[in-house]
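The values are calculated or read from the model by the stated rules, or taken from the named source; none is laboratory data. Just so it is clear, the model here is predicted, and its values are computed rather than measured. Counting neighbours? That spans all protein chains shown, and the Cβs are built from the backbone with ideal geometry, glycine included. Please note that ligands, DNA and RNA were not included when accessible areas were found on the heavy atoms of the full protein model with its side chains. Shrake-Rupley method; radii C 1.70, N 1.55, O 1.52, S 1.80 Å.
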Amino acid sequence: VQLQASGGGLVQAGGSLRLSCTASGSIANIYVMGWYRQAPGKQREFVAFSTRGGIINYVDSVKGRFTISRDNAKNTVYLQMNSLKPEDTAVYYCFADRASWGNPDYWGQGTLVTVSS
């Protein structure tokens with residue numbers, strides 16, 4: 001499975017960005033897709049996931065601001081990020097797994113999101 005992420009960039013606080021991640025390869029058994037992020041000097045943290053069956057979850061710090069969506073026909077997951085804050089600055093990594101979100105099997109290359117104050 002290969003994951004190709006895109007959509008990062010530089011935005012001012014309060015602005016919006018949309019990340020995309022498309023899976024290719026042996027994707028028939030992929031159940032969950034989502035995003036982690038890693039800020040400078042910090043550990044990678046979970047952001048959001050979406051399962052093939054429609055279960056969605058977010059880390060508390062992004063609830064109400066970020067929306068994850070998934071197009072199963074396109075094997076693509078999106079992360080719409082609104083009301084961005086400087087503390088959202090991080091490299092965002094998409095992931096995919098056959099069963100759960102806690103220790104994903106597959107990772108994308110990361111896309112940098114920078115939020116200026």
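Quick one: how many residues across region 1-16 are assigned to a strand (DSSP E or B) and open to solvent by 30 Å² or more (accessible area, probe 1.4 Å)?
The number of residues fulfilling the criteria is 5.
Sort out which residues of region 101-117 are open to solvent by less than 60 Å² (accessible area, probe 1.4 Å) and assigned to a loop (DSSP other than H, G, I, E, B), and write them in order of number.
Residues satisfying the conditions are GLY102, PRO104, GLY108, GLY110.
How many of the residues making up region 43-54 are surrounded by 13 or more Cβ atoms within 10 Å (Cβ to Cβ), without any contact (Cβ under 8 Å) to a residue 40 or more places away in the chain and in a loop (DSSP other than H, G, I, E, B)?
0
Out of everything in region 55-94 that is open to solvent by 50 Å² or more (accessible area, probe 1.4 Å) and part of a helix (DSSP H, G or I), what residue ends up being nearest to SER117 (Cα to Cα)?
Filtering region 55-94 for residues that are open to solvent by 50 Å² or more (accessible area, probe 1.4 Å) and part of a helix (DSSP H, G or I), the one nearest to SER117 (Cα to Cα) comes out as PRO86.
Which of the numbered conditions does ILE27 fail, given that it passes all the others? Conditions: (1) assigned to a loop (DSSP other than H, G, I, E, B); (2) touching a Gly at 6+ places or on another chain (Cβ under 8 Å); (3) closer than 20 Å to VAL1 by Cβ.
Every condition holds for ILE27 apart from (2).
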